[in-house]
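J.: Handing you this structure, nothing more for now.
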Amino acid sequence: MAMAPAPEGFREMLALVYGLPGQLGAGIATARSATLGKPGRFDNVVIAGMGGSGIGGKIARDLLAGECPLPILSCQDYGIPAAVTGRTLFIAVSHSGNTEETLSAYCQAHRRRCRIVAITSGGELASLAGKNGHPVVNVPGGMLPRTALGYLLSPLLVVLGRLGVCLSYESELKRAATLMRNRTGKWHAQAGTIARALNLGLPVVYSTSRLLDAVADRWRGQLNENAKVLCHTNVLPELDHNEIVGIGGPGATCGRAVIIALTDRETHPRNRLRLEHTLSITRGGYLRAVTVESEGKGKLERILSLVMLGDLVSVELARLRGVNPMAIERIDRLKVRMAGAKGG
Ligand code: F6R
C-alpha cells in the first residue's frame, strides 16, 4: 500500500530532530565563551523553565542526582521554593525569553539575591538579566523551543560545570552527539514501528529508573506537541502501589493504552521484575506493551539515546496522523490570551 504524502512540517521537524547532535556541540561553544564569573559555593541549584525550555533542567536534575551532593530542583511555576536563598544558584531558561512563569520565578530569585544565570535567545529575560547584571548565555533564536533542546541543554551543563556544581560534561556531551549521529538511522526505523503501535491507542510511557524520569516527560511533551495526542506517564516502582489497579479502566479509553516502558542499565533488577509482573497481571487492560532500552555507555548518552528515539517517534506519529508537527496553535493562542488578560 502506498504511503500517504507526508504532512506539512514533517520534513522540517525531522531535519530538526536529526540536527540535535550538532546542537549539542554548538551549545558547548556558546556556554564556554559566556562571561559567568567565579565558581561559587551553593546550598542548592534551581533550574526554572517551562515546556521545551524546562526539559533540559529536568534532564540535568536526573543526570546529576547520583553524583552531585547539592539538591537540584526544577521549577515550573510562577513561584519559587522556600529553599531558594542567597546561597542558591538559580538558572532561568526560556528560549523566547518571554515566558511569564519563568520571568516571574526569575524576578523572585533576583529579589532573594540568588546567583543567577539566564539561558535564552533574547526577549524580556535577556533584557532584565542585562539590566540586573546577571550573565546571559545567548542561544540561537527563531526556533521552536522544543527543537532547540541541544542548544539549551549543553549550555546548562557547561554552566553547572564552570560554576563548580558538577564535573565537566563536555566530553560526555560530545560522545552523546557521536552516538546519536551513528544510530539515528537505526532509531528512526525503530521509531516507525513504535509509532505504528501508538497509532492504535493512548500512549502511556513508564520510566523504570530515576535516570529516565525526564525522558518520559520529554516523550509526553513531544507526543503532545508534535503528534497532537494525549499521553500519560508514570514511574516504576511507584505505579505498582496505585496505578496497577487502574490499568484498563475505564475500558472505553484506557483499555486502548499502548505502554512504552523505558529501561536502562540502572533500572533496578527488582524494577525489571516488577515491570514483567505488572504487565502480566494487567494483561487485557492495555493493547500492547513495548520495552525500549537506552543505548550508549555514559549516563548522558543513555538519556539522550531515548530522548532522540522519542522525538523520532513523535514525528513519525505526526506523519501517520497527518498532522503538522511544527504547529502548536493552541499554545500560541493561549499565550496571546494570557498576555492580553488582566488578573493574577
Ligand atoms: C514550543 C514548546 C513550548 C515552550 C514553552 C515555553 O516548541 O516546546 O513548550 O517551550 O511554551 O516557552 P519558552 O521555551 O520560550 O520559554
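The values are calculated or read from the model by the stated rules, or taken from the named source; none is laboratory data. From a predicted model like this one, the values you see are computed outputs, not experimental measurements. Methodologically, a virtual Cβ is constructed for each residue, glycine included, from the backbone with ideal geometry; neighbour enumeration extends over all protein chains shown. Accessible surface areas use protein heavy atoms only, side chains included; no ligands, DNA or RNA. Shrake-Rupley method; radii C 1.70, N 1.55, O 1.52, S 1.80 Å.
J.: Relative contact order (percent) for the chain, with alpha-carbon contacts under 8 angstrom and 6 or more residues of separation?
T.: 21 percent
J.: Considering only protein heavy atoms and a 1.4 Å probe, what is the carbon-and-sulfur percentage of the accessible area of the chain?
T.: 55 percent
J.: Considering only Ala126, Ala26, Ala252, give the residue with the highest GNM mean-square fluctuation for the chain, with springs between Cα atoms whenever their separation is below 10 Å.
T.: Of Ala126, Ala26, Ala252, the Gaussian network model singles out Ala252 as fluctuating most.
J.: Additional query: Is there a quick way to get the dipole size of the chain? I mean about its Cα centre, with the Cβ of Lys and Arg at +1 and of Asp and Glu at -1; what is the value in debye to the nearest 20?
T.: Roughly 380 debye for the chain.
J.: While we're looking at this one, here's another question. Using amide H atoms built 1.01 Å from N in the peptide plane, name the residues 5+ places from Thr233, or on other chains, whose amide H lies under 5 Å from its own.
T.: Distant-sequence amide H within range of Thr233: Val205.
J.: Highest mean first, what order results for 18-24, 222-228, 30-36 on Cβ atoms within 10 Å?
T.: Final packing ranking: 222-228, 18-24, 30-36.
J.: At what distance in nm do the modelled label points of Glu8 and Leu334 sit from each other, each positioned 7 Å from its Cα along Cα→Cβ?
T.: 2.2 nm
J.: For the stretch 75-86, just list the computed ³J(HN,Hα) in residue order, Karplus coefficients 6.51, -1.76 and 1.60, θ = phi - 60°, integers in Hz, with x standing in for Gly and Pro.
T.: Per-residue couplings from phi come out as 10, 10, 7, 6, x, 10, x, 4, 5, 7, 9, x Hz.
J.: Provide the FRET efficiency to the nearest 0.05 for the Asp77-Lys131 pair, computing r from the beta carbons and using R0 = 30 Å.
T.: Using R0 = 30 Å, I get an efficiency of 0.80.
J.: Of Met338, Val17, Pro69, which is farthest along the charge dipole of the chain in the positive direction, counting Lys and Arg as +1 and Asp and Glu as -1 at C-beta?
T.: It is Pro69.
J.: What number comes out for accessible area per residue over the stretch 212-344 if the probe is 1.4 Å? Units Å², please.
T.: 49 Å²
J.: Counting only helical runs of four or more DSSP H residues, what would the 222 nm mean residue ellipticity of the chain come to if each run contributes -39,500 (n - 2.57) and the total is spread over all its residues?
T.: It comes out at -15500 deg cm²/dmol, rounded to the nearest 500.
J.: With a length cut of 27 Å (Cα positions projected on each helix's long axis) and a Kyte-Doolittle mean of at least -1.0, go through the chain and give me the DSSP H helices that pass.
T.: Once both thresholds are applied, what remains is 170-198, 299-321.
J.: Run the 1.4 Å probe and let me know the accessible area of Tyr151, rounded to the nearest 10 Å².
T.: 50 Å²
J.: Looking only at the chain, where both bridge partners belong to it, what percent of the DSSP beta bridges are antiparallel (to the nearest 5)?
T.: Bridges in the chain are about 0 percent antiparallel.
J.: Is the stretch 118-179 best put as rounded, prolate or oblate by its Cα gyration tensor, with a ≥ b ≥ c the root eigenvalues, rounded for a/c under 1.5, and otherwise prolate when a/b is larger than b/c, oblate when not?
T.: Here the stretch 118-179 falls in the oblate category.
J.: Taking the alpha-carbon centroid of each part, what is the distance from the stretch 143-221 to the stretch 291-316 in angstrom?
T.: When both Cα centres are located, 6 Å separates them.
J.: Give Lys174/Lys335; Lys186/Lys335; Lys131/Lys299; Lys228/Lys342; Lys131/Lys297; Lys38/Lys335 a once-over and call out the pairs whose C-alpha atoms are over 32 Å from each other.
T.: Going by Cα-Cα distance, Lys174/Lys335; Lys186/Lys335; Lys131/Lys299; Lys131/Lys297; Lys38/Lys335 fall outside the 32 Å limit.
J.: Taking only protein heavy atoms and a 1.4 Å probe, what accessible area per residue, in Å², does the stretch 89-189 have with all protein chains in place?
T.: Ligands and nucleic acids excluded, the figure is 38 Å² per residue.
J.: To continue, here is another question. If the chain between Arg41 and Arg265 were fully stretched, how many nm would it gain, using 0.36 nm times the residue separation less the Cα-Cα distance?
T.: Here the segment from Arg41 to Arg265 would lengthen by 77.4 nm.
J.: What number, in percent, do you get for the relative contact order of the stretch 198-344 if the mean sequence gap of Cα pairs under 8 Å and at least 6 apart is divided by its residue count?
T.: Result for the stretch 198-344 is 31 percent.
J.: In terms of modelled amide H atoms, which long-range or inter-chain residues lie less than 5 Å from the amide H of Val46?
T.: Long-range HN contacts for Val46: Leu73, Leu89, Phe90, Ile91.
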